Amino acid sequence: MANSNNIEYKKRIIKTWNEIAPRYHKRWVGKSTGPFQSTQKLVSMAKLRRGNTVLDLACGTGAVTRQILAKIGKSGHVIGLDSSQAALAIAKKSIKEKNADFAIFDAENFEFSQKFDAVTCQYALFFFPNATKALANIKKALKKNGTLALAVHGAGDSVPYFSSILDSVQKFIPDYLPSGAPDLDRFGTKENLKKAIVRAGFSNVVIKEHKFWYSPGTFAKYWSDYHKYLAKPLREKLDKLDQKQKAELRKTVLEKTISYTRNGIIRFPWKVLVLSAQKP
Ligand SMILES: C[S@@+](CC[C@H](N)C(=O)[O-])C[C@H]1O[C@@H](n2cnc3c(N)ncnc32)[C@H](O)[C@@H]1O
């Protein structure tokens, strides 16, 4: 629902992604490690063929867009949409194919006269405060029998890379996440994801649950990388803690990682749900 909280939250998301897009691209995109092993699985579930037209929603810096192009060939066409100018600038710079276009749009507010064979959306549905509206837009953009393929992270402790830090930080800084922020875990179980997609009017819903592994290295590296890749507003909140609180927070996070640590190296499981569904 459009309310002032949502608008503030969206502005914050745009600012955040404009800041972190270059770091995100360098660290994750193009590497098929950890959660990004999903890209190939997602594109394969989209059942793309040569000549298809595809919309890559919340395309970011183009991780999925690039793989779509390889499937649809020169006779196909892909459009990447995202609300971050900086992410799109990176995508445009690294993807030069003439049959790839990029445009700045909010997932909850886009409309095309053209209809697509498939819509992809990797690691973004949970960011949309009104995901119902985004799903309705996706459905509208698809041809009859067109395919939606999307990927989301698992909820809570199924992704300890996030939960080890987030659960602990929120104990120390209750307003850590911005006001109006949706529950980022709300699609992180098969049941909840299926419910949302069926409610949006899609059929033939197939959800595959994957358990990938990701090693961020030692605890010291995991902890320092968290700070390094964090958006400024969150880093500022962390920096406001006094030395004692900072030490306690670090200890709390460290304790959460112990069960995933062998010989000083953390190895996290990472649950990912990859879904395909059809517009009836
Ligand atoms: C984790 S990144 C995923 C990017 C890409 N799909 C990938 O797999 O690398 C999330 C992306 O969602 C975008 N995003 C968040 N909220 C959005 C919205 N309301 N409309 C469009 N894009 C949005 C962000 O700008 C960011 O690029």
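The values are calculated or read from the model by the stated rules, or taken from the named source; none is laboratory data. These numbers come from a predicted model, not from an experiment. With ideal geometry, Cβ positions are generated from the backbone for all residues, glycine too; neighbour counts draw on all protein chains shown.
Comparison of 69, 57, 42 shows that the only residue that is more than 13 Å from the ligand (Cβ to nearest atom) and at pLDDT 95 or above is 69. Across region 74-109, the qualifying residues are those that are part of a loop (DSSP other than H, G, I, E, B) and near the ligand (Cβ under 8 Å from one of its atoms), and the one among them that is farthest from residue 154 (Cα to Cα) is 105. Could you grab me the full set of residues in region 126-165 that are more than 15 Å from the ligand (Cβ to nearest atom) and part of a helix (DSSP H, G or I)? Passing the criteria: 139, 140, 156, 157, 158, 160, 163, 164, 165. Among the residues of this structure, residue 117 does not count as one that is away from the ligand (no atom under 16 Å from the Cβ), closer than 30 Å to residue 239 by Cα and among the acidic types (Asp, Glu).
For region 216-256, the candidate set comprises residues that are in a loop (DSSP other than H, G, I, E, B) and among the hydrophobic types (A, V, I, L, M, F, W, C); within that set, the residue that is farthest from residue 34 (Cα to Cα) is 241.
Sort out which residues of region 52-79 are over 21 Å from the mean Cα position of the chain (by Cα) and not charged (D, E, K, R), and write them in order of number. The answer is 52, 53, 70, 72, 73, 75, 76, 77.
Each residue in region 132-156 was checked for being surrounded by fewer than 20 Cβ atoms within 10 Å (Cβ to Cβ) and in contact with a helix residue (DSSP H, G or I) (Cβ under 7 Å, 6 or more places away or on another chain), and 1 pass. Scanning region 195-215 for residues that are among the charged types (D, E, K, R) and either part of a loop (DSSP other than H, G, I, E, B) or touching a strand residue (DSSP E or B) at 6+ places or on another chain (Cβ under 8 Å) (or both) returns 208, 209, 211.
Close Cβ contacts (under 6 Å, 6 or more residues apart or on different chains) running from residues in region 124-140 that are among the basic types (Lys, Arg) to residues that are surrounded by 18 or more Cβ atoms within 10 Å (Cβ to Cβ) comprise 133/108; 139/279.
Pairs meeting the criteria (first residue in region 27-47 and touching a residue at least 60 places away in the same chain (Cβ under 8 Å) and part of a helix (DSSP H, G or I), second residue more than 11 Å from the ligand (Cβ to nearest atom) and of a type in the set (Ser, Thr, Tyr), beta carbons under 6 Å, at least 6 apart or on different chains) are 34/214; 45/276.
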